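First the structure, in the form of structure tokens, and then the observations on it.
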Amino acid sequence: MSNGYQIIVCSGIVPDPLQTLEPVQTPTGPGLKNEMMLPAVLDTWASHALYEAAHLASKVVGSKVWLVSLAPKTKLQQVMMIVAQKAQFELVAVDCPSGGFSDPYESAVVLADTIKSIPGLDFNRLFIFGGWESASRGAGVTLQIVGERLGIINQFQGVDEIKINDDGSFDVYERITEGKHQISQFSKLPAILGWATGNLPEPKNNPQIGMVNMRTIMPSIQRAKQVKLENKNLVFTSVQLPKQERTTRIVKDMPVEEIAREIVEWIKQ
Amino acid sequence: MEKILVLLHTESDGSICRGGLESLNASLSVKTQLAESELVIGIVGNNVKSAVSNIAGCGAKSFVAVEGEQFDQPRYCTDAIAIESIMKAVKPSIIIAPATIRWNRVVPGAAYRVGAAADTHITGVLIKDGVLKASRWYYRQRIEALIHRTQRPWVLLIDSGVFKPYSGVPADAQIEILNVETPETAVQTRVIGYREPPVGHQTIRPDAKLLFVAGAGWTKKQADGKVHIEEAEKLILDFLNLTRASLGSSKSLVDIGSEGQAVLSFLSHLNQIGQTGSTPRHPKGLATCCHGEEPHTVGWRFINERRAINLDPNCGWARGKADVLYVADAFAVMRKVNELFSGSIGKKR
């Protein structure tokens, strides 16, 4: 029997951060203008979680990484063309909306049920990773509910690092304020880690890993179960872009000394 | 009739943090506007008597607490048990809590245990047609929405800096201490310490009056065709030491380190503001050498007064986003600013 870890990374997809976003009303509630046309990326913090999962798996022989993704499958297929080259994983795809205006409770139920359905899951070796918040909803709720539904009480959020100690216990570094980290120690899995940025750089594209991954990714996307999120309890009264335009005083041709003096006076006010 | 629970935790010194006092004020505002509603305070932590005495005059109907050494540490398992116990004892319909680091990590999970829904990062509450509504941001502070839930209980975690903190005259209050059992499994996670940032490293400090934002321009070739990293580092660190400003940076400046380019050695992801960083709330912000459009500028959406120094008068970071844009060389301006600050400090001495 393998002693490696089973690491499940939960992630949705989000519009590329460089895209202009405009809210619109759709028959199913608020959404984004041309949402299906916007280029998408794997959710930012969940991406860090995936890199950390692959790094942890590489340190312990017999470990395996799954990526459980809730996203429209046509968009997911595009995103996977890039993500598949970053780290080795098996994709478990669920075909459902991934917009920020969906209720995290409904997403969490789908995620937890999907995780439970993965064959051969061993809770004594299980880590569930994800971003501590999504770049769309930014709630920080989903992973906590996934943990509650799966009965996992070792939960950590805003994680930047995990260390395996010689006795098999784990030290988790959670981000708090002013650049500090809280260090928690635990010894028994399962555990949920909601990652902040971590410490690893984005891996370079590796076409070989991509080719290995794509063998399982395409079948997984093709058989992805379709799920509807209904927002049963969440009501949006208004959704709008912030009114943020300021009248900017543009100061040109002012001597450096005067600019500096003006800035110092302003700071001191 | 709504029953409002204000859910607080104590700090290690037995006080209630500023965010907790702000959420208490938010709750008092909601209570005033919701007819026949009542307010109960729930506190988790150690030394709750001292914490309660400072808010005893707030008009709450009662005070309920879960107290003990095991509830002093911010730990998911024990915090969840404590919150669940308070919610079951009080049976509130609305729960208002501060979005502290500790509460953000546990309240939604604990709320789920009692069938409650939680919304985090709330930036405003209002009563419209007798219905409580809350505002929050989506897509990393790029879209604002007003929401409400039909589900009860409903938990609102209020971001700090939105409401004024409650202040009142200390008094005695009757506290109902709940008897809460903690199974052995709940304390298997132990907080064993804290890691401080390396000495001299500057990060975003929420209490600072000024946010200094360093952009990627600091690491680019200057007018003489050369990169001046060491001078950039010195200018920025001197400014931070002289003004006690908080240091933020754009994502591009943090990222270029992993791309093998010259970097400012004291910057890390902890300084990052914007789409994938924090959105700090400081009264003033000074952006230097920052370039970018909408996704990057969300980092200083909640900065009240904003000024920028940039060589590009059309810079998307500043135009329409800052109050003043100085079209100038940031190296030269910051050198002079530091001289002026060090001169005024010298005079005071």
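Out of the residues in the range B:97-117 that are charged (D, E, K, R) and assigned to a helix (DSSP H, G or I), state the one that is nearest to the other protein chains (Cβ to nearest Cβ). Give the derivation first.
Filtering the range B:97-117 down to residues charged (D, E, K, R) leaves B:102, B:105, B:113.
Of the ones still in play, those that are also assigned to a helix (DSSP H, G or I) are B:102, B:113.
Working: B:Arg102: 9, B:Arg113: 7 Å.
Here the residue is B:Arg113.
Only one residue in A:Pro30, A:Pro15 is within 11 Å of chain B (Cβ to nearest Cβ), buried (at least 19 other Cβ atoms within 10 Å of the Cβ) and touching a Leu at 6+ places or on another chain (Cβ under 7 Å). Which one? Working first, answer last.
Values: A:Pro30 fails: touching a Leu at 6+ places or on another chain (Cβ under 7 Å).
Every option except A:Pro15 fails the conditions.
Filter the range B:74-92 down to residues that are in a loop (DSSP other than H, G, I, E, B) and crowded, with 19+ Cβ neighbours inside 10 Å and give me whichever is nearest to the chain's Cα centre (by Cα).
Initially, the range B:74-92 is screened for residues in a loop (DSSP other than H, G, I, E, B), giving B:74-75, B:91-92.
When the remaining residues are screened for being crowded, with 19+ Cβ neighbours inside 10 Å, the result is B:74-75, B:92.
On the way: B:Pro74: 17, B:Arg75: 19, B:Pro92: 26 Å.
Step by step, filter the range B:74-92, then rank; the result is B:Pro74.
Among the residues making up the range B:7-22, those that are in contact with a helix residue (DSSP H, G or I) (Cβ under 8 Å, 6 or more places away or on another chain) and modelled with pLDDT of 90 or more are B:Leu7, B:Leu8, B:His9, B:Thr10, B:Ser15, B:Ile16. Residues in the range A:123-140: is at least one at the interface with another protein chain (Cβ under 9 Å from one of its Cβ atoms), in a loop (DSSP other than H, G, I, E, B) and among the charged types (D, E, K, R)? Yes, the range A:123-140 has at least one match. Every residue in the range A:42-88 that is small (Gly, Ala, Ser), part of a helix (DSSP H, G or I) and free of Cβ contacts under 8 Å to residues at least 60 places away in the same chain, please. Once the filter is applied, which keeps residues that are small (Gly, Ala, Ser), part of a helix (DSSP H, G or I) and free of Cβ contacts under 8 Å to residues at least 60 places away in the same chain, the range A:42-88 yields A:Ala57, A:Ser58. Sort out which residues of the range A:89-110 are farther than 30 Å from B:Ala116 by Cα and assigned to a loop (DSSP other than H, G, I, E, B), and write them in order of number. The one that is farther than 30 Å from B:Ala116 by Cα and assigned to a loop (DSSP other than H, G, I, E, B): A:Phe89. Entry remark, the range A:147-185: residues being among the basic types (Lys, Arg) and within 7 Å of chain B (Cβ to nearest Cβ) number 1 in total.
The rows are residues; the columns are (1) closer than 30 Å to B:Glu144 by Cβ; (2) touching a residue at least 40 places away in the same chain (Cβ under 8 Å); (3) of a type outside the set (D, E, K, R).
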position: A:Leu200; (1), (2), (3): no, yes, yes
position: A:Gly210; (1), (2), (3): no, yes, yes
position: A:Ile217; (1), (2), (3): no, yes, yes
position: A:Leu229; (1), (2), (3): yes, yes, yes
position: A:Val235; (1), (2), (3): yes, no, yes
position: A:Val256; (1), (2), (3): no, no, yes
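Considering only residues of the range B:118-144 that are more than 10 Å from chain A (Cβ to nearest Cβ) and of a type in the set (Val, Ile, Thr), which is surrounded by the fewest Cβ atoms within 10 Å (Cβ to Cβ)? My answer is B:Ile127.
Scanning the range A:226-240 for residues that are out of contact with any helix residue (DSSP H, G or I) (no Cβ under 8 Å at 6 or more places or on another chain) and either buried (at least 16 other Cβ atoms within 10 Å of the Cβ) or under 30 Å from A:Met80 (Cα atoms) (or both) turns up A:Gln226, A:Lys228, A:Leu234, A:Phe236, A:Val239.
Tell me which residues, restricted to the range B:1-22, are under 17 Å from B:Ala82 (Cβ atoms) and touching a strand residue (DSSP E or B) at 6+ places or on another chain (Cβ under 6 Å). If you could, list the steps in order and put the result at the bottom.
So the first thing to find is which residues in the range B:1-22 are under 17 Å from B:Ala82 (Cβ atoms), and the list is B:5-12, B:14, B:16-17, B:20.
Hits for the range B:1-22 are B:Leu5, B:Val6, B:Leu7, B:Leu8, B:His9, B:Thr10, B:Ile16, B:Gly20.
The criterion of being touching a residue at least 12 places away in the same chain (Cβ under 8 Å), of a type outside the set (Phe, Trp, Tyr) and within 8 Å of another protein chain (Cβ to nearest Cβ) does not hold for A:Ala191.
Among the residues of the range B:64-78, the ones that are in contact (Cβ under 8 Å) with a residue 24 or more places away in the chain and more than 8 Å from chain A (Cβ to nearest Cβ) come to 10 in all.
Can B:Ile81 be described as within 14 Å of chain A (Cβ to nearest Cβ) and of a type outside the set (Asp, Glu)? Spelling it out, B:Ile81 is indeed within 14 Å of chain A (Cβ to nearest Cβ) and of a type outside the set (Asp, Glu).
Within the option set A:Ile153, A:Ile145, A:Ile221, being touching a helix residue (DSSP H, G or I) at 6+ places or on another chain (Cβ under 8 Å), surrounded by fewer than 22 Cβ atoms within 10 Å (Cβ to Cβ) and among the aliphatic types (A, V, I, L, M) holds for one residue only, A:Ile221.
Right, A:Thr142: within 24 Å of A:Glu90 (Cβ to Cβ) and in contact with a Ser or Thr (Cβ under 7 Å, 6 or more places away or on another chain) or not? Against the criterion (within 24 Å of A:Glu90 (Cβ to Cβ) and in contact with a Ser or Thr (Cβ under 7 Å, 6 or more places away or on another chain)), A:Thr142 qualifies.
Check whether at least one residue in the range B:194-202 is farther than 20 Å from B:Ala330 by Cα and modelled with pLDDT of 85 or more, and report yes or no.
The initial filter retains those residues of the range B:194-202 that are farther than 20 Å from B:Ala330 by Cα, namely B:194-201.
The next check asks that each one be modelled with pLDDT of 85 or more; those that pass are B:194-195.
Yes - at least one qualifying residue is present in the range B:194-202.
Residues of the range A:231-240 that are touching an Asp or Glu at 6+ places or on another chain (Cβ under 7 Å) and farther than 15 Å from B:Trp154 by Cβ: A:Gln240 alone. With respect to B:Leu7, is the statement that it is under 21 Å from A:Ile176 (Cα atoms) and surrounded by 24 or more Cβ atoms within 10 Å (Cβ to Cβ) true? Taking the combined requirement at face value, the residue satisfies it. Consider the range A:203-218 and keep the residues that are surrounded by 14 or more Cβ atoms within 10 Å (Cβ to Cβ) and under 30 Å from B:Asn271 (Cα atoms). The one that is farthest from the chain's Cα centre (by Cα) is A:Asn206.
The values are calculated or read from the model by the stated rules, or taken from the named source; none is laboratory data. It should be emphasised that the depicted structure is a prediction, and the values quoted were computed from it without experimental measurement. Using ideal geometry, Cβ is built from the backbone for each residue, glycine included, and neighbour counts are taken over all protein chains shown.
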